[in-house]
Amino acid sequence: MYVEQLPGIGRFSLLVLDPTEDLDLLYGWVTEPRARFWGMTGHTREQVGDVYRFLDGLDSHHAYLMTVDDEPVGIFQTYLPAEDPLGEHYPVRDGDIGIHLFLAPARRPVAGFTGAVAAAFTRYLFADPGRRRIVIEPDVRNDRALRRWKRLGFEFDVELTLADKRAQLAFLTRAAFTVRQATGGVPSTGDRR
């Protein structure tokens, strides 16, 4: 578990996702039309559970429930690209950690929410000295996510054709994040979640 107080936002927590206890919440989120880029809108409740039980059994992939003041606000997943199909599509480096982010619909919109949460989970990831670079591969059609990741400092690389999508490969290095933190350059994304 990871906990950080985010000024103006609240107490942010990353809790290990329980594929049984959290299934109703997950299923409700990932099957909404707005979740089309998550790739599970056509899944049954059982299929969603199967996916998260499978992830829960891997040493290389981890799923977390994000909460703010104990209210669930999204899903954060990490994976080792060298042990994921993505690793077959780019030259994986030591210290690479891949992520997926799903923000739930906001009950009460908060200006700067996404930027604050992204900075928090990035600090969590880089607290491990072995992690040198965060890797993402959002769908190239997901304009909102692409704009968000660029504002958060990710450097875009090549587009990849993956099994389920055309993806934009992008990276955030520890060094770039450290500079942005030191200079106050982690922006509010303007998203109200």
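The values are calculated or read from the model by the stated rules, or taken from the named source; none is laboratory data. Here the structure is a predicted model, which means the values were calculated and not measured. Here the Cβ positions follow ideal geometry from the backbone for every residue, glycine too, while neighbour counts run over all protein chains shown.
Descriptive notes on the structure:
- Options Ala106, Ala145, Ala163; residue that is within 21 Å of Trp29 (Cα to Cα) and touching a Pro at 6+ places or on another chain (Cβ under 7 Å): Ala145
- Among strands (runs of 3 or more DSSP E) entirely within region 86-164, having at least 1 residues that are polar (S, T, N, Q) singles out 155-161.
- Cβ-Cβ distances below 9 Å connect the following pairs, each with a first residue in region 35-56 that is within 15 Å of Asp139 (Cα to Cα), a second residue that is among the β-branched types (Val, Ile, Thr) and surrounded by fewer than 14 Cβ atoms within 10 Å (Cβ to Cβ), and a separation of six or more residues or different chains: Ala35/Thr41.
- Count of region 123-176 residues, restricted to those that are of a type in the set (Phe, Trp, Tyr), buried (at least 17 other Cβ atoms within 10 Å of the Cβ) and under 22 Å from Pro91 (Cβ atoms), is 4.
- Filter result for Glu137 (touching a residue at least 40 places away in the same chain (Cβ under 8 Å) and in contact with a His (Cβ under 9 Å, 6 or more places away or on another chain)): yes
- Scan of region 74-109 for residues that are over 26 Å from Asp157 (Cβ atoms) and either surrounded by fewer than 17 Cβ atoms within 10 Å (Cβ to Cβ) or at pLDDT 95 or above (or both), ordered by number: Pro105, Ala106, Arg107, Arg108, Pro109
- Among the candidates Tyr52, Tyr2, the residue that is among the aromatic types (Phe, Trp, Tyr) and farther than 28 Å from Gln168 by Cα is uniquely Tyr2.
- Scanning region 75-85 for residues that are closer than 29 Å to Gly28 by Cα and either outside any loop (DSSP other than H, G, I, E, B) or without any contact (Cβ under 8 Å) to a residue 12 or more places away in the chain (or both) yields Ile75, Phe76, Gln77, Thr78, Tyr79, Pro81, Glu83, Pro85.
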